[in-house]
Structure formats: C-alpha cells, structure tokens
Amino acid sequence: MISSVQSGLIDQIHKEAVDVVARYKTCEIDLIDVLQKIDRHRVYHALMYRSLFHYATTGLGLSEEVAYAFINIARKAKEVPELKDEIRKGTISVNKARRIVSVINSQNQAHWLNLAKNCSKQKLEREIAIASPLQAVADRLAYVHPDSEIHEKTKILKLNNVVRVQLQAGISEGLMLDIRRVQDIVSQKLRRPATLEDVLKALTESFLRKDDPIRMAERHQIRRKAPAIRGKVAPGGPRAPGGASTSSANQDPAGPSALAAAQGPSAQASTTPTGTSPVHARPTSVASPRPALTATLKHQVIHKYQGQCAFQNPDGSRCGEKRFLEIHHIKPVSAGGKNEVQNLKLLCSGHHKMQHH
C-alpha cells in the first residue's frame, strides 16, 4: 500500500522525468537547426575546422556517432523539410530519422515518413535493406576480444533479387591497420569515403592484374602482337637519347596511359599528362592556363608531409586527414608563386577550401 507521502513523491519524480524528456527532445531539434545554420554559413571554416563533422566532434565535443547522425539528418532535412517537421512534432524519433536518410528523398518522402511513423524499428530496417541492399551488410573494422574472434563466416543475403554476401573473419592488428591505410588511398582515388567492399575490390583487382597467370598470358600475347611501340616518336615530338621522345622522357617507362589503365577507371579519370599521383590539384582556368605540377614534384610534396594534411588546428595539433588530399600553393601562382616544393603544401579538401575561402 502506497502512502500519500510516497504517492506525492512518485508524482513529483514522474513530472520531473517528463519535463527532462521534453527538454531533451527540444534540444534534439535545436541541434538540427543550429547544424543547418553552421553548414549554411560555413562557420566551421571560419573557426579553422576542415569540415562540419570535424567541428562537431572536435569543437563541440559530440561523439562521432551522434555527430554523424545529426549532420546527416540536418542535411537531408534541407531536401526534405518534412523530416524535421515530424521530428519536431515527435511523430518520428531521431533514431528512426537517421535510418531513413539513406533512402528518403523529395519524391518518396510520403512513403518513408509513413513507415517511420507506423512501423517498428525491425520492420523499418528490413524495408531499408530491401530498398538499399548496401545497408543490409555491416561494414566495419574494429578490435574484438580473442574469445569473440570469427575465423571464417559467410552469409548470403538475397533482397529484392539482389544478392549480397556478408563476410566475417578474424585478422591481425597489423593487417587491420594496413587495410585502413588502403581504405585511405582508395578513398583518395575515388574522391569519396571508400567502403570495405571498395577496398577488397581494389586489392583483388591489383593482385589479379599482377599475379593471375591467365592475365599475364593475355598481356604477353598482346605484347607479341604489338611489338616495338616503345621506339615510336610521339607526333611532333623530337626523339630523345635512347629512342624515347622528349615529351615522355621523364615519365613512367610504361607511360601514364598504361599505368592508368592498369589502375582502373577511377585512376584514368584522375590521370594528368604529368603523372598519376593520387593527390589532386585544383583545376586551372582555361582562360589563364598555368604550368601543371609534375609527377616528381607531387611525390616530393606527398613525401614531405607523409601523406597527411599539413594544416595546424586551433589547438596546435596537426590535421589528421589522410584522404581527399590536394596540393595548395602557399603563394598563389597569380601573385608570382612558383611550382616548387617550398611553395607547395599538402592539404585536405576541407582545409584547402578554407584557405581559399
């Protein structure tokens, strides 16, 4: 039997809990609003952060998971304002909203908003997996306890006639760190965050290209059918000592086009006449062309900064970004800056944009 004193205390605590939850939900929508303002006015660039995510995690102290979820919702809400309205009204939780941002757009918003409002989390995840099979496969690389290590496990998923395979395996820490480095390199080449599937594809293609006996035999047949192309002079180009044209004397012996073909379509798209460095330079204006950076110079800059953004954060630390790197002229070419190592700096795309902004 609850006494009147205990009953009064329970009612008071319940009221306090309701008030706290109401403030918590208000804070969620307030955070979405302020992230949209920060993104719109590029506040993070003014405060020397390379991206909104970097600002949210480092400047605001949010966890990576929370920052990622709220930034995705804030940006999707610009395309689908109704998403934020439903969160504000309390009909959709932030947890469900972050799940549907990968599939919702202005054309199908009614369908996904209705599902998020009326379906359980489990059913919603199933519908998302059917609409986007990539969402149905876990993509993570993390430490595990030895007792929990999975030595080999494969699971076949077939959703909406699309077959996906989920592969799990235990690997050493050294291999995990190497895979993360490859993930950085593949992300740099693709100009987007690379998934583990992208990494496996790149590694597999590279190995098969170099060590598959069938492909090696095919290349041998091609060389036999098209011999002595090395000695040919490029149209209009004088012959340098040794038989090579002067226009290609300093390039890779196999030629940039051959290397790009071996590296795949994404490498061909980013290949320049001066080499195939994965670091990108900003495109120059057609009206005012400037000398392109040579492959040798790009490699020197990459080596100087060890493939990491050289920007110094407000707290004195160095930017840790190793993806989406670009070469920045400390003194602009338009102001007389030269293409030399002393005048070049390696920056991530975010800090490069910030410097020019």
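The values are calculated or read from the model by the stated rules, or taken from the named source; none is laboratory data. Since this is a predicted model, take the numbers as computed values, not measurements. Every residue, glycine among them, receives a Cβ derived from its backbone with ideal geometry; neighbour counts consider all protein chains shown. Side chains included, ligands, DNA and RNA excluded: accessible areas come from the protein's heavy atoms. Shrake-Rupley method; radii C 1.70, N 1.55, O 1.52, S 1.80 Å.
Taking the criterion of being open to solvent by 100 Å² or more (accessible area, probe 1.4 Å) and among the charged types (D, E, K, R), the residues of segment 5-23 that qualify are 15, 16, 23.
If we scan segment 81-94, do we find a residue that is surrounded by 15 or more Cβ atoms within 10 Å (Cβ to Cβ), among the aliphatic types (A, V, I, L, M) and touching a residue at least 40 places away in the same chain (Cβ under 8 Å)? The answer is yes, given that some residue of segment 81-94 is surrounded by 15 or more Cβ atoms within 10 Å (Cβ to Cβ), among the aliphatic types (A, V, I, L, M) and touching a residue at least 40 places away in the same chain (Cβ under 8 Å). Scanning segment 302-357 for residues that are among the hydroxyl-bearing types (Ser, Thr, Tyr) and surrounded by 14 or more Cβ atoms within 10 Å (Cβ to Cβ) yields 305, 349.
The number of residues in segment 193-225 being at pLDDT below 85 and assigned to a loop (DSSP other than H, G, I, E, B) comes to 2.
Here residue 128 meets each of (1) part of a loop (DSSP other than H, G, I, E, B); (2) of a type in the set (A, V, I, L, M); (3) modelled with pLDDT of 80 or more with one exception, condition (1). What do you reckon, is residue 35 outside any loop (DSSP other than H, G, I, E, B), at pLDDT 95 or above, more than 21 Å from the chain's Cα centre (by Cα) and at negative phi? When the stated conditions are applied, residue 35 does not pass them. Taking segment 103-115 as the range and being touching a Leu at 6+ places or on another chain (Cβ under 9 Å) and open to solvent by 60 Å² or more (accessible area, probe 1.4 Å) as the test, no residue passes.
Here's the yes/no breakdown for (1) within 22 Å of the chain's Cα centre (by Cα); (2) farther than 29 Å from residue 317 by Cα; (3) open to solvent by less than 20 Å² (accessible area, probe 1.4 Å); (4) in contact (Cβ under 8 Å) with a residue 12 or more places away in the chain:
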position	(1), (2), (3), (4)
48	yes, no, no, yes
52	yes, no, yes, yes
58	yes, no, no, yes
75	yes, no, no, yes
79	yes, yes, no, yes
121	no, yes, no, yes
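Scan segment 54-64 and tell me whether some residue there is among the charged types (D, E, K, R) and farther than 23 Å from residue 121 by Cα. No, segment 54-64 contains no residue that is among the charged types (D, E, K, R) and farther than 23 Å from residue 121 by Cα.
Take segment 24-42 and flag every residue that is within 30 Å of residue 311 (Cβ to Cβ) and open to solvent by 50 Å² or more (accessible area, probe 1.4 Å).
Once the filter is applied, which keeps residues that are within 30 Å of residue 311 (Cβ to Cβ) and open to solvent by 50 Å² or more (accessible area, probe 1.4 Å), segment 24-42 yields 34, 37, 40, 41, 42.
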